[in-house]
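**Q** My structure is below; once you've seen it, I'll send some questions.
The values are calculated or read from the model by the stated rules, or taken from the named source; none is laboratory data. Being a predicted model, the structure only gives us computed values, none of them experimental. Virtual Cβ from ideal backbone geometry, glycine too; neighbours counted across all protein chains shown. To get the accessible areas, we keep the full protein, side chains included, count just its heavy atoms, and leave off ligands, DNA and RNA. Shrake-Rupley method; radii C 1.70, N 1.55, O 1.52, S 1.80 Å.
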Amino acid sequence: MRTLLQVVGVESPAGHALPEILPQLTSNQVVFRQAQLHLVAAQPGGGKTMLALWYAITSKTPALYFSADSDSRTIALRAGAILMNKSVTDMEKMMDSDASVLLEDALADGASHVRFSFDPSPSLQDIEEEIEAWIELHGAPPSAIYI
């Protein structure tokens, strides 16, 4: 247990701002911070998953992404669309052709800082184990976790 006075001057990434890459949010003083809970809410099909994936990839911040509502192929197609500035339909055509190597290169170059879990119903234990695995691999927790 600590007093607030003991917190001042302590080196910790908690509470530090993640990259501000969406001017519309920044202008409205919306800032995503490390080790903080942020909730994005909207109706089904409102773009929550796409916003989270876009931010995870574009921010270049080491992240753990739990995709309980989308399968691995869908996420790969969406990530490719983000990275290559193309439509998901274009990415699907690319993935199913000899040009899939271009998608593979884009994902390797632009999304390697994000690790994904595609468990459709992760328990708290599952989430904890994925975080522990990340720490074992990288020596520190991820800067952001998307669920």
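**Q** Within the set of pairs 6+ apart or on separate chains, which have a first residue in segment 86-106 that is closer than 21 Å to Met50 by Cα, a second that is open to solvent by 80 Å² or more (accessible area, probe 1.4 Å), and C-beta atoms under 7 Å apart?
**A** Cβ pairs passing all conditions: Met94/Leu102.
**Q** Continuing with this model, one more query. Inspect all residues belonging to segment 63-86 and state whether any of them is open to solvent by 80 Å² or more (accessible area, probe 1.4 Å) and either among the β-branched types (Val, Ile, Thr) or part of a strand (DSSP E or B) (or both).
**A** The answer is no; no qualifying residue exists.
**Q** In this structure, is Ile131 among the aliphatic types (A, V, I, L, M) and under 17 Å from Ala35 (Cβ atoms)?
**A** When the stated conditions are applied, Ile131 passes them.
**Q** Picking from Ala17, Ala42, which residue would you name as being farther than 24 Å from Ser123 by Cα and in contact with a Lys or Arg (Cβ under 6 Å, 6 or more places away or on another chain)?
**A** Ala17
**Q** Report the residue count in segment 91-100 for those that are of a type outside the set (S, T, N, Q), open to solvent by less than 70 Å² (accessible area, probe 1.4 Å) and outside any loop (DSSP other than H, G, I, E, B).
**A** Residues flagged as of a type outside the set (S, T, N, Q), open to solvent by less than 70 Å² (accessible area, probe 1.4 Å) and outside any loop (DSSP other than H, G, I, E, B) within segment 91-100 amount to 3.
**Q** Another question, then. Quick one: which of Ser100, Ser87, Ser27 is of a type in the set (Gly, Ala, Ser) and over 23 Å from Phe118 (Cα atoms)?
**A** After applying the criteria, what remains is Ser27.
**Q** Counting just the residues of segment 107-147 that are β-branched (Val, Ile, Thr) and in contact with a strand residue (DSSP E or B) (Cβ under 9 Å, 6 or more places away or on another chain), which one comes out surrounded by the fewest Cβ atoms within 10 Å (Cβ to Cβ)?
**A** Ile147
**Q** Now, a different point. Among the residues of segment 109-116, are any farther than 15 Å from Tyr65 by Cβ and either of a type outside the set (D, E, K, R) or out of contact with any Asp or Glu (no Cβ under 8 Å at 6 or more places or on another chain) (or both)?
**A** Checking segment 109-116: at least one residue is farther than 15 Å from Tyr65 by Cβ and either of a type outside the set (D, E, K, R) or out of contact with any Asp or Glu (no Cβ under 8 Å at 6 or more places or on another chain) (or both).
**Q** I'd like to check something: does segment 74-93 contain any residue that is over 23 Å from Ala111 (Cβ atoms) and of a type in the set (Asp, Glu)?
**A** No, segment 74-93 has no match at all.
**Q** Tally the residues that are free of Cβ contacts under 8 Å to residues at least 60 places away in the same chain, assigned to a helix (DSSP H, G or I) and within 18 Å of Asp71 (Cα to Cα), restricting the search to segment 117-128. Let's see the steps before the verdict.
**A** In the first step, residues of segment 117-128 are kept if they are free of Cβ contacts under 8 Å to residues at least 60 places away in the same chain; the result is 117-126, 128.
Pick out the ones that are also assigned to a helix (DSSP H, G or I) and you get 124-126, 128.
Retained after the next criterion (residues that are within 18 Å of Asp71 (Cα to Cα)): 126.
Number satisfying all stated conditions: 1.
**Q** Sticking with this one: Go through segment 24-44 residue by residue and tally those that are open to solvent by 100 Å² or more (accessible area, probe 1.4 Å) and either of a type in the set (Val, Ile, Thr) or farther than 18 Å from Ala144 by Cα (or both).
**A** Of the residues in that region, 5 qualify.
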